[in-house]
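Here's the structure we're looking at; comments come further down.
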Amino acid sequence: MSLLLQNISKHVDLTSQEEELLLSLTSTETFKAKTILLNTGEISKQTYFVNAGILRSFNINDNIIEHVLHFACEGWWIGDMYSYIAEKPGNLFIEVLEDAEVIIITKENHQILYKEIPKMERFFRILAENSLVSHQERLMDNLSLTAEERFEKFCSKYPTLIQKVPQKHIASYIGVTPEFFSKMKARLLKK
């Protein structure tokens, strides 16, 4: 749990009583690789903080092509925020890529946190703002950068994921086919 508290302390200071309440409103679970935590069409009723392992969120289009939206490794949050906030069926899957231990906060307990520890509303607002900035930057990168530039940016931004995440998922994240990605990577290694 200390990793969760460290993550929160980057933005807000909690008293020991507030920490105790926060921890009482969470649960910790372990999952094996390839476990699906959320299916498309389900209403997301929880959000996840990764203590260990790697998760990804993705969707599958009508042509059965996967589009990776987000990776989450140790110390990161992940969820289908559209579904979680709107309380409507989502369009994302959340999958465990590497055996993981995650801390789960349900929607109901999230609301209790906001009421009992107002600082937590500030914390999650900061996370939402950071996420919005990151997603806007990624959208602009997808519109203006070449595939090689997007891959180089991915490598510099997430160096630990390069060796741990299957190449087909990285290809999907940067918006290219696995075949194109393999050829592109070979070209980059020759440089």
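The values are calculated or read from the model by the stated rules, or taken from the named source; none is laboratory data. Since we're looking at a predicted model, the values are computed, not measured. A quick note on method: Cβ atoms are made from the backbone with ideal geometry, for glycine too, and the neighbour counts reach across all protein chains shown.
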Checklist entry - Taking the range 175-189 as the search range and keeping residues that are under 27 Å from the mean Cα position of the chain (by Cα) and not in a loop (DSSP other than H, G, I, E, B), which one is surrounded by the most Cβ atoms within 10 Å (Cβ to Cβ)? => result Phe181
Next on the checklist: Checking the condition assigned to a helix (DSSP H, G or I), surrounded by 12 or more Cβ atoms within 10 Å (Cβ to Cβ) and in contact with a helix residue (DSSP H, G or I) (Cβ under 7 Å, 6 or more places away or on another chain), which residue from Arg138, Arg122, Arg150 passes?
Outcome noted: Arg150
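For (1) farther than 27 Å from Ala33 by Cβ; (2) modelled with pLDDT of 90 or more, each residue gets a yes or a no:
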site	(1), (2)
Phe124	yes, yes
Glu137	yes, yes
Leu143	yes, yes
Arg150	no, yes
Gln163	no, no
Val176	no, yes
Glu179	no, no
Checklist entry - Name the residues in the range 1-17 that are of a type outside the set (Asp, Glu) and either touching a Leu at 6+ places or on another chain (Cβ under 7 Å) or outside any helix (DSSP H, G or I) (or both), would you? => result Met1, Ile8, Lys10, His11, Val12, Leu14, Thr15
Item to check | Odd one out for Lys168 among (1) within 16 Å of the chain's Cα centre (by Cα); (2) assigned to a helix (DSSP H, G or I) | outcome: (1)
Next on the checklist: Could you go through the range 108-117 and let me know if any residue there is within 27 Å of Leu139 (Cβ to Cβ) and under 16 Å from the mean Cα position of the chain (by Cα).
Outcome noted: no
Item to check | Within the range 31-114, strands (runs of 3 or more DSSP E) holding 1 or more residues that are surrounded by 15 or more Cβ atoms within 10 Å (Cβ to Cβ) and either of a type in the set (Val, Ile, Thr) or without any contact (Cβ under 8 Å) to a residue 24 or more places away in the chain (or both) | outcome: 46-60, 66-72, 93-106
Checklist outcome for this item: Flagged in the range 46-71 as modelled with pLDDT under 95, under 15 Å from His169 (Cβ atoms) and among the aliphatic types (A, V, I, L, M), in numbering order, are Ile60, Ile65, Val68, Leu69
Item to check | Yes/no for Leu132 being assigned to a helix (DSSP H, G or I), over 24 Å from Trp77 (Cβ atoms) and of a type outside the set (Phe, Trp, Tyr) | outcome: no
Item to check | Residues satisfying the stated conditions in the range 153-167, i.e. touching a residue at least 24 places away in the same chain (Cβ under 8 Å) and either among the aliphatic types (A, V, I, L, M) or surrounded by 13 or more Cβ atoms within 10 Å (Cβ to Cβ) (or both) | outcome: Tyr158, Leu161, Lys164, Val165
Next on the checklist: Testing Ile43 on (1) at pLDDT below 95; (2) touching a strand residue (DSSP E or B) at 6+ places or on another chain (Cβ under 9 Å); (3) of a type in the set (A, V, I, L, M, F, W, C); (4) over 19 Å from Leu161 (Cβ atoms), one condition comes back false. Which one is that?
Outcome noted: (1)
